[in-house]
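Asker: There's a structure below that I have some questions on.
The values are calculated or read from the model by the stated rules, or taken from the named source; none is laboratory data. Keep in mind that what you see is a predicted model, and the values were worked out from it rather than measured. Here the Cβ positions follow ideal geometry from the backbone for every residue, glycine too, while neighbour counts run over all protein chains shown.
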Amino acid sequence: MTEMKSVTDAPAVKAPVLPDAQTVTDVKHWTDSLFSFKVSRPASLRFRSGEFVMIGLLGDNGKPLLRAYSIASPSWDEELEFYSIKVQNGPLTSKLQHIKPGDQIILRPKPVGTLVHDALLPGKRLWFFATGTGFAPFASLLREPQTYEDYDEVVITHTCREVAELEYGRQLIESIKQDEMLAELIGEGFADKIRYYPTTTREESPKMGRITDLLTDGTVFKDLGIDPINPETDRGMVCGSLAFNKDITEILEGFGLEEGANSDPKQFVVEKAFVG
Ligand SMILES: Cc1cc2nc3c(=O)[nH]c(=O)nc-3n(C[C@H](O)[C@H](O)[C@H](O)COP(=O)(O)OP(=O)(O)OC[C@H]3O[C@@H](n4cnc5c(N)ncnc54)[C@H](O)[C@@H]3O)c2cc1C
Ligand SMILES: NC(=O)c1ccc[n+]([C@@H]2O[C@H](COP(=O)([O-])OP(=O)(O)OC[C@H]3O[C@@H](n4cnc5c(N)ncnc54)[C@H](OP(=O)(O)O)[C@@H]3O)[C@@H](O)[C@H]2O)c1
């Protein structure tokens, strides 16, 4: 005779306590001011690698306190990953930095953004220019098969103040080498297909300086042994502070590239990594 299971043996199903609740499955602290975390993915959520969503917690007034966050995981992943700053007096991140696996966050399932393949005209070499947490959308796009199907080469530049702030990106690039599906797509010659160019501005490291200066004086092209940016072949995606985005925009325009959008694909696209 089949044994009857008592109700108390059933697996505990946590009732959502927040609107649009998702459960935190993993948290990793990288520095005093940076952490990454994973949450469950709503079954109905479809997004394009590189897009952002609104996430948050309930504020002290009982209302959702939401902020824009790039999804750092690729569109095919079962979970959603985020890479976050910790602003010590920031309304959201002063609290969000304390989340643990099993906790819940709010995730509004309406992805949007300009850092998507659809917003660029076809090209041969794709540049990702990031500062700080601006690496997040590229963590998604670097794990997106379309990136390697559409382009012969990808160059990812990441500029931070200190060496430890580069570690999330460095490990992400390493993890791509270990990923069977991506390794097959990238094929032989990983170093020629994905060129990783990390730089620091305040702490000593093998390559120092703002990427803007290193582009302007040609150091990047010399270091990587590649041709300068050319509007016929090169495409770009930019994610950093307002000042960074403005400076890179001028440089890319100087190389003859034009800024595009979802509705008007051109040679490069830009998105803010934060406001203010
Ligand atoms: C399109 C978009 C995508 C974003 N994606 C991300 C992301 O993937 N990861 C992420 O950490 N943040 C991201 N942000 C910033 C995010 O929305 C919040 O500003 C951040 O989480 C801090 O929230 P807060 O309430 O603690 O402080 P806020 O009141 O929002 O910010 C306080 C101050 O902290 C500084 N600041 C805020 N965010 C950052 C940051 N990311 N890096 C450096 N300084 C910052 C700014 O000076 C800002 O004025 C994004 C912003 C936009 C507009
Ligand atoms: N006190 C601290 O130690 C500390 C640490 C982290 C963050 N914060 C605060 O957090 C906020 C954001 O800091 P963040 O470091 O994440 O972002 P950030 O200030 O935008 O700097 C990130 C990196 O981008 C570079 N950069 C900034 N503007 C640029 C431009 N116009 N062109 C080219 N490169 C540019 C910076 O170089 P430069 O170093 O040359 O500016 C730095 O290497 C700031 O308001 C800051 O006050 C403070």
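Asker: Scan region 36-76 for residues that are more than 11 Å from ligand 1 (Cβ to nearest atom) and among the acidic types (Asp, Glu) and jot them down.
Answerer: Asp60
Asker: Within region 219-276, work out how many residues are touching a strand residue (DSSP E or B) at 6+ places or on another chain (Cβ under 7 Å), assigned to a helix (DSSP H, G or I) and within 13 Å of ligand 1 (Cβ to nearest atom).
Answerer: 3
Asker: Okay, moving on. Of all residues in region 224-244 being more than 25 Å from Ile71 (Cβ to Cβ) and hydrophobic (A, V, I, L, M, F, W, C), which is nearest to ligand 2 (Cβ to nearest atom)?
Answerer: Among them, the one singled out is Ile229.
Asker: Checking Val112 against (1) surrounded by 18 or more Cβ atoms within 10 Å (Cβ to Cβ); (2) within 27 Å of Glu149 (Cβ to Cβ), which test does it fail?
Answerer: If we test Val112 against (1) surrounded by 18 or more Cβ atoms within 10 Å (Cβ to Cβ); (2) within 27 Å of Glu149 (Cβ to Cβ), just (1) comes out false.
Asker: Take Phe35 and decide whether it is touching a Cys at 6+ places or on another chain (Cβ under 8 Å), in contact (Cβ under 8 Å) with a residue 40 or more places away in the chain and crowded, with 20+ Cβ neighbours inside 10 Å. Show your work before the answer.
Answerer: Numbers: touching a Cys at 6+ places or on another chain (Cβ under 8 Å): no; in contact (Cβ under 8 Å) with a residue 40 or more places away in the chain: yes; crowded, with 20+ Cβ neighbours inside 10 Å: yes.
Judged against the criteria, Phe35 is not a match.
Yes/no matrix, rows are residues, columns are (1) in contact with a Phe, Trp or Tyr (Cβ under 8 Å, 6 or more places away or on another chain); (2) farther than 13 Å from Ser36 by Cβ:
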| residue | (1), (2) |
| --- | --- |
| Ala68 | yes, yes |
| Thr93 | no, no |
| Pro109 | no, yes |
| Lys124 | yes, yes |
| Phe138 | yes, yes |
| Asp150 | no, yes |
| Ile173 | yes, yes |
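Asker: Is it true that Phe221 is surrounded by fewer than 19 Cβ atoms within 10 Å (Cβ to Cβ), at pLDDT 95 or above, more than 10 Å from ligand 2 (Cβ to nearest atom) and not basic (Lys, Arg)? Before the answer, list the steps.
Answerer: Numbers: surrounded by fewer than 19 Cβ atoms within 10 Å (Cβ to Cβ): yes; at pLDDT 95 or above: yes; more than 10 Å from ligand 2 (Cβ to nearest atom): yes; not basic (Lys, Arg): yes.
For Phe221, the condition - surrounded by fewer than 19 Cβ atoms within 10 Å (Cβ to Cβ), at pLDDT 95 or above, more than 10 Å from ligand 2 (Cβ to nearest atom) and not basic (Lys, Arg) - is met.
Asker: Of all the helices (runs of 4 or more DSSP H) wholly in region 72-181, which have at least 2 residues that are under 23 Å from Asp192 (Cβ atoms)? Don't jump to the end; show me each part of the working.
Answerer: Numbers: elements: 93-96, 136-141, 145-150, 167-178.
So the answer is 136-141, 145-150, 167-178.
Asker: Are any of the residues in region 171-178 surrounded by 22 or more Cβ atoms within 10 Å (Cβ to Cβ), in the same structural domain as Lys207 (by TED's automatic domain parsing) and closer than 21 Å to Leu215 by Cβ?
Answerer: For region 171-178, residues surrounded by 22 or more Cβ atoms within 10 Å (Cβ to Cβ), in the same structural domain as Lys207 (by TED's automatic domain parsing) and closer than 21 Å to Leu215 by Cβ: absent.
Asker: Do we find that Leu185 is of a type outside the set (Ser, Thr, Tyr), at pLDDT below 95 and closer than 28 Å to Pro228 by Cβ in this structure? Working first, answer last.
Answerer: Working: of a type outside the set (Ser, Thr, Tyr): yes; at pLDDT below 95: yes; closer than 28 Å to Pro228 by Cβ: yes.
It is true that Leu185 is of a type outside the set (Ser, Thr, Tyr), at pLDDT below 95 and closer than 28 Å to Pro228 by Cβ.
Asker: Right, here's the next one. Quick one: would you say Leu215 is crowded, with 20+ Cβ neighbours inside 10 Å, touching a residue at least 12 places away in the same chain (Cβ under 8 Å) and either aliphatic (A, V, I, L, M) or within 19 Å of Gly134 (Cα to Cα) (or both)? Reasoning before the result, please.
Answerer: Numbers: crowded, with 20+ Cβ neighbours inside 10 Å: yes; touching a residue at least 12 places away in the same chain (Cβ under 8 Å): yes; either aliphatic (A, V, I, L, M) or within 19 Å of Gly134 (Cα to Cα) (or both): yes.
The answer is yes for Leu215.
Asker: Right, here's the next one. Within region 206-218, restricting attention to residues that are in a helix (DSSP H, G or I) and not polar (S, T, N, Q), which residue is nearest to ligand 1 (Cβ to nearest atom)? Please lay out each step first, then the result.
Answerer: Let us first name the residues in region 206-218 that are in a helix (DSSP H, G or I), namely 211-216.
From the residues that got through so far, the ones that are not polar (S, T, N, Q) too are 211, 213-215.
Working: Ile211: 16, Asp213: 20, Leu214: 21, Leu215: 22 Å.
Ranking the candidates gives Ile211 first.
Asker: Out of the residues in region 174-205 that are within 16 Å of ligand 1 (Cβ to nearest atom) and of a type in the set (Val, Ile, Thr), state the one that is nearest to Tyr148 (Cα to Cα).
Answerer: Pass one, region 174-205, residues within 16 Å of ligand 1 (Cβ to nearest atom): 200-202.
So of that shortlist, the ones also of a type in the set (Val, Ile, Thr) come out as 200-201.
Working: Thr200: 27, Thr201: 30 Å.
Once the filter is applied, the top-ranked residue is Thr200.
Results for (1) of a type in the set (Asp, Glu); (2) at pLDDT 95 or above; (3) away from ligand 2 (no atom under 16 Å from the Cβ); (4) farther than 27 Å from Ile226 by Cβ, shown as yes or no for each residue.
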site: Asp77; (1), (2), (3), (4): yes, yes, yes, yes
site: Lys95; (1), (2), (3), (4): no, yes, yes, yes
site: Leu115; (1), (2), (3), (4): no, yes, yes, no
site: Leu120; (1), (2), (3), (4): no, yes, yes, no
site: Ser140; (1), (2), (3), (4): no, yes, yes, no
